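The values are calculated or read from the model by the stated rules, or taken from the named source; none is laboratory data. Everything quoted here is computed from the prediction, not taken from an experiment. Here the Cβ positions follow ideal geometry from the backbone for every residue, glycine too, while neighbour counts run over all protein chains shown.
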Amino acid sequence: MPISGVVISCSPGHRYTVIKNLNAYKSVEIHGADHRGNIVTVLETDSSEEMEKLIERLNNHDHILNIGMTYLNIEDEAERMARGETTTKPFGFKAPSV
Amino acid sequence: MAQTRREFIKKAAALSAASYAGLDLSIDRGSVANANENISWHRGSCRLCGVGCRVELGVKNGNPVGLRGVPEARTNFGYLCMKGMHFWKCMGHPDRLVKPLYRKKKTDTFKEISWDEALNIAADEFAKAHKEGGGEAVAYYGSGQALTEETYFFQKIMRGGLQSNNVEGNPRLCMASAVGGYLTSFGADEPIGGYSDIEKAHCFFIIGSNTAEAHPVLFRRIMRRKLDNPDTVKVINVDPRLSQTSRIADKHLQFKPGTDLALLNAMANVIIEEKLYDEDFLNKYTTFKSGKETVDFEAYKAQVAEYTPEKVVTICGNSFSADDVRETARWFANSKGTVSLWTMGLNQRKQGVWANNLVHNLHILTGQLLKDGADSLSLTGQPNACGGVREGGGLCHILPGHRPVANEKMRTQVEKAWGVPQGRIPPKPGLHTMAMFSAINDARIKAIWINCTSPVQSLPNCNLYNKGMAREDVFIITTDIFHTLTTQTANLVLPTCFHFEKTGVYGCTERRSQLTKKAIEPPGDAKPEVWIIREWARKLSEKLNDPVIAQCIKPFEGLEEGYELPKAIWNEYSQKLTAHRDNDLRGATYEVLEQMKDGVQWPAPTEEYALTGGTVKKFVKGRDPMADTESKDDLPYQFYGPAHPDRKLWIWLRDQADPEEIPDSEYPFYLSTGRIIDHWHTMSMTGRVPELLRANPYAHVEINPKDAQKLGIKPGDMVELTSRRGVNIMPAKVYEGPVEGMVFAYWHDQHKDRMINKVTKDAIDPGSKEPEFKICAVRVKRVSGPQPLKPYLVG
């Protein structure tokens, strides 16, 4: 279950609108905001795929200008991958032809 | 994961993000220590794009488990983008190449072989080709993703060992016009300033670059500067396509593809007409050039006077007004500091060097250079196009240290440094990329080594060149971490280490060299390229009975490949080949680079100086040690670059010139191509990260809604794009992005129906030899409604 520290940036005038919107996401924890339009958040999702989808959704928000990630922990997923239990094979995956 | 540990990690994540925003959270900082339990953090650079973001890879039990930014790094100040955050997934990926693979005929199935067998075959085939046709029958085609040590070592064996200047790399496809622009305008390759100008700039002139998607971390810095100073900082976006970058722009000028040369000249015209230029700067530091002639300011003034704003608005397609041109020119000239940024929109053009020159002209004309907050900054797309290929001798006409190969004195310096006989390096430049693959088409090149790149997909008009790569009489070796469309044309596929599985230096956009040390073991039998080169060259020396090849690897014999070998190669390169050159890296030893959180900007002649971070502004006395040691007069700026004997900046008289192909009744649309945020280049890495693949599983074509309406195309419809060279069929995205009359397609897709380089044109800039990927003419036709599509990755 990946956890990331993310600074979400918007134009300062839209800060409250964006925070209100972010509050609707259960995967987003808001830890603070400043007058420059920086919103400090922690994102926690079930998988990297969900993390990517969440960030994509946020990126498409009218007033969000940038998603700046500063920290990512994926140790659960990495351990599953290392044990060969990964579910992260992409579409069309094929083993190298030998 | 235990609840407590999750909580620790969440607190560490919150503290990390808060520290960047300058917020003080009431969280116990002991959480960070608990979150880091059993994790070791290893500093290095991001593997993707040319920004050079510094990261730390978290490793637990030998596996990557986390990534975080380095807050002190002057490239990214700790921020990373989503694409960068995923590169760890290439490590240990089940698709990784882990054994050497060989097939005698390209129609055969690959079989696994040992390294000893593989290296013998590689040496046999290169020796055979060399015996048949000498240095002209062999070639190396490398990458702006290879480490500097790798590019330098490969070209050393090719030039010093095999007497071949057929040394090229994919930066020819992306950066060559920027090189040409810098050399012809400033007399020296690479920018004068760098990223630190962003926080001091008052005007951003972004042309031919979707910075928000292609360089998101730098875009963040530009955005922050604009948002923090909304009234005093202007952002101008000049591009035929509206993009995410346009969202922060005060003004967006959309123009008909290929007409920006006229626009740039019109801006110069306004600057001169309204006397906004810096006369003192021009008098002291500028020469005016028209072809081979030296002219004067009056001649330049007369030339740009032809480009009145009113006339240029018509040339550009009437999407903006003459007053927009005037206001843009005023913002550019009058700001306290203007930074221009561009990427492939200018470079991948038949007039790529000219387009670069015309941006530089504006900076020289207005004196928007050499001071904090002002620069003409070409952004690079690959992590080591600058450091490895441009500086390390990775192109057919240049030796390491920005030395032209055609210059005898330069060749002699290199031969002495290598201890090979004088005259060993051939004087004639080798074949540039498009000529190299043409020579493969007719089998003049018999053996080629393709390292860490996929020309089958990335060359323009690729159908034409793929015929050559399929020939049975051309032996192809590839070194890579995954299969690509190019490994499918190879005889021998060699598995290599990925980033953090080996040690080496990347040099990013702003002349900054940064070290990444090995942190984890590679999978299977994958090996670092420097080991592969050394072992291959030793066998080559035996098979050709040539002791000079052995001499090329002699300093590196017996060294452990994970650290000692790349360090010895870097030492040879930096100490012997960059000494007293404009990219002097003698101070940037491994010992210094290991200490520096964000590397060193050259010139950095001594370790003491390198430990300060190096040179932020080139050519400025007191800020650039070479400006002091190379000083010839009392002026504060010293242009000591190797290409301008008069030590001046050159303003070029360049007229508007059409692209090679413009729309006509048969092919009525412009086609342009580019990247999307989730994918990088040919998708061989990002396509294997499921999150990135699912976000954009296949390419699509963007069509302006007005054009879509005329053609009866709805969102998701399948659309056929036909040029004089090839056909693609892909889904449509109806979008207010491209200007009317132009369509835009992404180039990452490997599927044969959606590989857009079958359609693009292989016309090249006559100076830089860079192809005109960005502009060609196509026919656009709806073929059906939406169809279910499957993503495709070669396996």
Residues (under 25 Å from B:Asp762 (Cα atoms) and of a type outside the set (A, V, I, L, M, F, W, C)) located in the stretch B:696-736: B:Tyr698, B:His700, B:Glu702, B:Glu720, B:Thr722, B:Ser723, B:Arg724, B:Arg725, B:Gly726, B:Asn728, B:Pro731
Conditions (1) in contact with a helix residue (DSSP H, G or I) (Cβ under 7 Å, 6 or more places away or on another chain); (2) over 30 Å from B:Ser40 (Cα atoms); (3) away from chain A (no Cβ under 12 Å); number of the one not met by B:Tyr102: (3)
For residues in the stretch B:16-37 being under 29 Å from B:Tyr506 (Cβ atoms) and not small (Gly, Ala, Ser), which is nearest to the other protein chains (Cβ to nearest Cβ)? B:Tyr20
Qualifying residue in the stretch B:226-236 (condition: closer than 14 Å to B:Trp342 by Cα, out of contact with any Asp or Glu (no Cβ under 6 Å at 6 or more places or on another chain) and either away from chain A (no Cβ under 14 Å) or at pLDDT 95 or above (or both)): yes
Look through the stretch B:105-128, keep the residues that are farther than 14 Å from B:Lys539 by Cβ and polar (S, T, N, Q), and return whichever of them is nearest to the other protein chains (Cβ to nearest Cβ). B:Thr109
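Is it the case that some residue within the stretch B:219-230 is part of a loop (DSSP other than H, G, I, E, B) and without any contact (Cβ under 8 Å) to a residue 60 or more places away in the chain?
Step one: filter the stretch B:219-230 for residues part of a loop (DSSP other than H, G, I, E, B), giving B:229-230.
Next, only the ones that are without any contact (Cβ under 8 Å) to a residue 60 or more places away in the chain stay: B:229-230.
Yes, the stretch B:219-230 contains a residue that is part of a loop (DSSP other than H, G, I, E, B) and without any contact (Cβ under 8 Å) to a residue 60 or more places away in the chain.
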For B:His42, all conditions in the list (1) within 7 Å of another protein chain (Cβ to nearest Cβ); (2) part of a strand (DSSP E or B); (3) surrounded by fewer than 20 Cβ atoms within 10 Å (Cβ to Cβ) hold save one; what is the number of the exception? (1)
If you take the residues in the stretch B:1-13 that are more than 8 Å from chain A (Cβ to nearest Cβ) and farther than 22 Å from B:Phe77 by Cβ, which one is surrounded by the most Cβ atoms within 10 Å (Cβ to Cβ)? B:Phe8
From the option list B:Lys60, B:Lys83, single residue qualifying as in the same structural domain as B:Ile9 (by TED's automatic domain parsing), buried (at least 21 other Cβ atoms within 10 Å of the Cβ) and of a type in the set (D, E, K, R) is B:Lys83
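Of the residues that make up the stretch B:52-68, is at least one closer than 30 Å to B:Met344 by Cα and at the interface with chain A (Cβ under 7 Å from one of its Cβ atoms)?
Yes, the conditions are met somewhere in the stretch B:52-68.
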Listing of strands (runs of 3 or more DSSP E) fully contained in the stretch B:484-572 that carry 1 or more residues being in the same structural domain as B:Ser143 (by TED's automatic domain parsing) and aromatic (Phe, Trp, Tyr): B:504-508
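Specify the residue that is nearest to B:Val616 (Cα to Cα); the eligible residues are those in the stretch B:346-400 that are of a type in the set (Lys, Arg) and buried (at least 24 other Cβ atoms within 10 Å of the Cβ).
The initial filter retains those residues of the stretch B:346-400 that are of a type in the set (Lys, Arg), namely B:349-350, B:371, B:390.
Next, only the ones that are buried (at least 24 other Cβ atoms within 10 Å of the Cβ) stay: B:349-350, B:390.
Working: B:Arg349: 30, B:Lys350: 32, B:Arg390: 19 Å.
The residue in question is B:Arg390.
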The conditions are (1) modelled with pLDDT under 90; (2) more than 7 Å from every other protein chain (Cβ to nearest Cβ); (3) not in a helix (DSSP H, G or I), and A:Tyr25 fails exactly one of them. Which is it? (1)
Are any of the residues in the stretch B:239-256 within 18 Å of B:Asn356 (Cα to Cα), of a type in the set (Asp, Glu) and touching a Ser or Thr at 6+ places or on another chain (Cβ under 9 Å)? yes
When the stretch B:614-654 is examined, which residues are found to be surrounded by 15 or more Cβ atoms within 10 Å (Cβ to Cβ) and among the charged types (D, E, K, R)? B:Lys617, B:Lys618, B:Lys621, B:Arg623, B:Asp624, B:Glu630, B:Arg647, B:Lys648, B:Arg654
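Would you say B:Thr75 is on the phi < 0 side of the Ramachandran plot and at pLDDT below 95?
On the way: on the phi < 0 side of the Ramachandran plot: yes; at pLDDT below 95: no.
In short, no.
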Being among the hydrophobic types (A, V, I, L, M, F, W, C) and under 25 Å from the mean Cα position of the chain (by Cα) is true for just one of B:Ile520, B:Ile553, B:Ile533, B:Ile549. Which residue is that? B:Ile533
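What number of residues in the stretch B:273-292 are within 16 Å of B:Glu310 (Cβ to Cβ) and in contact (Cβ under 8 Å) with a residue 60 or more places away in the chain? Even if it seems obvious, please write down each step before you answer.
As a first pass, look at the stretch B:273-292 and keep what is within 16 Å of B:Glu310 (Cβ to Cβ): B:273-274.
Filter once more, so that each one left must be in contact (Cβ under 8 Å) with a residue 60 or more places away in the chain: none.
Result for the stretch B:273-292: 0.
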Matching strands (runs of 3 or more DSSP E) fully within the stretch B:697-739 where at least 3 residues are modelled with pLDDT of 95 or more and assigned by TED's automatic domain parsing to the domain that holds B:Pro460: none
Between B:Ser26, B:Ser16, which is surrounded by fewer than 19 Cβ atoms within 10 Å (Cβ to Cβ) and of a type in the set (Ser, Thr, Tyr)? B:Ser26
Here's a check for you: in the stretch A:42-78, which residue that is more than 7 Å from chain B (Cβ to nearest Cβ) and among the acidic types (Asp, Glu) is surrounded by the fewest Cβ atoms within 10 Å (Cβ to Cβ)? A:Asp62
Mind listing whichever residues of the stretch B:274-332 are surrounded by fewer than 16 Cβ atoms within 10 Å (Cβ to Cβ), of a type in the set (Asp, Glu) and assigned to a helix (DSSP H, G or I)? B:Glu279, B:Asp280, B:Glu298, B:Glu310, B:Asp323
The conditions are (1) closer than 27 Å to B:Ser26 by Cα; (2) in contact with a helix residue (DSSP H, G or I) (Cβ under 7 Å, 6 or more places away or on another chain), and A:Leu54 fails exactly one of them. Which is it? (2)
What number of residues in the stretch B:237-258 are modelled with pLDDT of 90 or more, within 12 Å of chain A (Cβ to nearest Cβ) and surrounded by fewer than 23 Cβ atoms within 10 Å (Cβ to Cβ)? 2
Which condition does B:Met344 not pass, out of (1) modelled with pLDDT under 95; (2) closer than 21 Å to B:Ile450 by Cβ; (3) not acidic (Asp, Glu), if it passes all the others? (2)
Which numbered condition B:Ile206 misses (of (1) part of a helix (DSSP H, G or I); (2) crowded, with 24+ Cβ neighbours inside 10 Å; (3) β-branched (Val, Ile, Thr)): (1)
Go through B:Glu125, B:Glu112 for me and flag whichever is surrounded by fewer than 24 Cβ atoms within 10 Å (Cβ to Cβ), without any contact (Cβ under 8 Å) to a residue 60 or more places away in the chain and not basic (Lys, Arg). B:Glu112
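Table: residues versus (1) without any contact (Cβ under 8 Å) to a residue 60 or more places away in the chain; (2) hydrophobic (A, V, I, L, M, F, W, C); (3) in contact with an Asp or Glu (Cβ under 6 Å, 6 or more places away or on another chain); (4) not assigned by TED's automatic domain parsing to the domain that holds B:Glu213.
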| site | (1), (2), (3), (4) |
| --- | --- |
| B:Gly599 | no, no, no, yes |
| B:Glu608 | yes, no, no, yes |
| B:Val616 | no, yes, no, yes |
| B:Gly622 | yes, no, no, yes |
| B:Glu630 | yes, no, no, yes |
| B:Asp634 | yes, no, no, yes |
| B:Leu653 | no, yes, no, yes |
| B:Gln656 | no, no, no, yes |
| B:Thr673 | no, no, no, yes |
